[in-house]
Amino acid sequence: MNVVLFGPPGAGKGTQAKELSNHYKIPHISTGDILRANVQDGTELGNKAKEYMDKGELVPDEVLIGIIRNRLAEPDCESGYLLDGYPRTIPQADALSDILTDIDKPLQVVLNLDVPDEELVIRLSGRYVCKCGNSYHLTFNPPENTGICDTCGKELYQRDDDKEDVIRQRLISYHNKTHPLIKYYGDRDLLVNIAGAGDINEVFDSIIHVLDMYDLT
Ligand code: ADP
Ligand code: ADP
Ligand code: ZN
């Protein structure tokens, strides 16, 4: 199954991708997670990316294209892939198409999680994350024990870029550079819109419903 999970910051891509990856046994590839791991490890790539991430801007295309090319070449992608947070610009989408042709794993569907901006701000400002990749919300998806990850027991924290001014900038970057991909993938008959405003389980059920209809292998 070769899928892109698309949507604005806070739409629920990471939350759904984690569940879908377990359900369909395909790797969840989050460029945000890969960049944050590099920032954490203080790599050259991470130091460069951090300047942009802290401001809520997109990291330059050539950096992301290199990351995704390497990641898709790893053996676990033999069974397919679930991309989360990539592509975010038209040049990234064009590069993806070339990479996927090279490895003979064409994209089958782009799921667009549709959520209104004001809901996104509420979701992102209440988001708490874990190093293991889990994402929680103070109100909508609280952990069993306050401040502690249900899965791995580590302490939860707020991301540096989940502050209101950076959130606003991320939404601006989304509308200017990422939103045009909806038309791009619509023109290629790959786009399916999913109402992302319901609760987490409802959204999951809608996604499964669509993917099972496609009968992807
Ligand atoms: P969110 O889950 O809130 O949408 P991500 O974790 O996907 O955020 O991304 C966090 C930040 O990492 C982005 O604001 C951006 O700076 C950078 N980033 C992640 N993916 C990409 C990408 N495909 N292109 C450019 N920048 C990216
Ligand atoms: P993205 O990866 O698209 O930036 P996340 O999956 O990290 O988004 O979700 C953003 C925030 O919204 C998190 O705090 C998450 O717990 C919460 N969230 C995710 N899906 C829903 C939903 N359907 N309803 C309410 N809150 C949600
Ligand atoms: Zn955890």
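The values are calculated or read from the model by the stated rules, or taken from the named source; none is laboratory data. All values reported here derive from a predicted model rather than from experimental measurement. Ideal geometry is used to build each Cβ from the backbone, glycine not excepted, and the neighbour counts take in all protein chains shown.
Each row is one residue, and each column tells you yes or no for (1) part of a helix (DSSP H, G or I); (2) among the basic types (Lys, Arg).
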site	(1), (2)
THR151	no, no
ASP165	yes, no
SER173	yes, no
LYS183	yes, yes
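All conditions in (1) more than 16 Å from ligand 3 (Cβ to nearest atom); (2) loosely packed, with under 12 Cβ neighbours inside 10 Å; (3) in a loop (DSSP other than H, G, I, E, B); (4) on the phi < 0 side of the Ramachandran plot hold for ASP189, with the sole exception of (4).
No other residue among ILE68, ILE99, ILE103 is hydrophobic (A, V, I, L, M, F, W, C) and under 18 Å from the mean Cα position of the chain (by Cα) apart from ILE68. Just name the residue that is surrounded by the most Cβ atoms within 10 Å (Cβ to Cβ) out of those in segment 159-186 that are touching a Ser or Thr at 6+ places or on another chain (Cβ under 9 Å) and more than 19 Å from VAL4 (Cβ to Cβ). In this case the residue turns out to be ILE167. Screening ASN112 with (1) within 12 Å of ligand 2 (Cβ to nearest atom); (2) at pLDDT 95 or above; (3) over 18 Å from ASP187 (Cβ atoms); (4) under 16 Å from the mean Cα position of the chain (by Cα) gives one miss only, at (3). Among residues of segment 177-191 that are at pLDDT 95 or above, those with a beta-carbon under 7 Å from a residue that is surrounded by fewer than 17 Cβ atoms within 10 Å (Cβ to Cβ) at least six positions away or on a different chain give the pairs PRO180/ILE90; LEU181/ILE90; TYR184/ILE90; LEU191/ILE182.
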